[in-house]
Amino acid sequence: MAASPLFPALASKSESEGGLVLAPRFGADGTITCVTVDADTGAVLMVGHMNAESLALTIETGEGWYWSRSRSELWHKGATSGNVQKVVDLLVDCDQDAVVMRVRVEGHGATCHTGQVSCFYRRIPLGQKAADGPVALEAAGGERRFDPATVYGKP
């Protein structure tokens with residue numbers, strides 16, 4: 001990722017870790033990880049990825065923008081579903097290769113494309129053994145807020 005006026009390259013590790021200039025360290029694929037959490041409850045809603053353009057748009061608009069690695073396209077969260085993420089706080093980690101975004105979700109109040117409030121709606125119970133067969137999942141709470149077939153026009 002080449003430096004830009006918005007995200008300059010910093011000369012040293014100490015500038016990156018101790019300075020007050022955002023200089024994201026994008027990975028080889030041009031993205032950084034974004035953990036998105038509910039601003040009121042602290043619940044993890046989703047994990048996504050941002051490239052320079054989506055990070056810049058998030059900062060500029062105050063709404064969640066991502067880079068979809070599976071579709072190779074810019075993605076404004078909620079543009080189709082109406083579940084727009086309004087950013088309350090945007091934090092960068094110590095070495096500037098990940099962000100945490102605290103949001104309030106408009107629309108149905110759901111983040112996951114399955115209609116769930118959070119993408120993390122299943123738990124992996126610990127203590128399962130390989131000899132017992134496939135690892136079982138269990139519901140982790142939450143509720144489906146919308147029917148994906150209705151919102152997206154496909155199951």
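Side notes on the structure shown:
- Cβ separations smaller than 9 Å between residues 6+ apart or across chains give the following pairs from segment 22-43 residues that are within 16 Å of THR111 (Cβ to Cβ) to residues that are of a type in the set (S, T, N, Q) and buried (at least 19 other Cβ atoms within 10 Å of the Cβ): CYS34/SER54; CYS34/THR58; THR36/GLN85; THR36/THR111; ASP38/THR111; ASP38/SER118; ALA43/SER118.
- When VAL100, VAL84, VAL88, VAL105 are checked against the criterion of being in contact with a Leu (Cβ under 6 Å, 6 or more places away or on another chain) and within 21 Å of ASP40 (Cβ to Cβ), VAL100 stands alone in meeting it.
- For GLY153, the stated conditions hold: it is under 14 Å from THR80 (Cα atoms) and loosely packed, with under 10 Cβ neighbours inside 10 Å.
- Filter result for LEU90 (within 17 Å of ALA56 (Cα to Cα) and either in contact with a His (Cβ under 8 Å, 6 or more places away or on another chain) or not polar (S, T, N, Q) (or both)): yes
- Summed over segment 1-42, residues that are modelled with pLDDT of 95 or more, part of a loop (DSSP other than H, G, I, E, B) and touching a Ser or Thr at 6+ places or on another chain (Cβ under 9 Å) total 1.
- Of all residues in segment 43-75 being β-branched (Val, Ile, Thr) and in a helix (DSSP H, G or I), the one that is farthest from LEU22 (Cα to Cα): THR61
- Criterion violated by VAL92 - all others in (1) farther than 29 Å from PHE146 by Cβ; (2) touching a strand residue (DSSP E or B) at 6+ places or on another chain (Cβ under 6 Å); (3) modelled with pLDDT under 95 satisfied: (3)
- Restricting segment 82-97 to residues that are within 14 Å of the chain's Cα centre (by Cα) and not hydrophobic (A, V, I, L, M, F, W, C), the residue that is nearest to ALA9 (Cα to Cα): ASP97
The values are calculated or read from the model by the stated rules, or taken from the named source; none is laboratory data. Because the structure is predicted, anything quoted here is derived from the model rather than measured. FYI the Cβ positions are ideal-geometry reconstructions off the backbone, even for glycines, and counts take in every protein chain you see.
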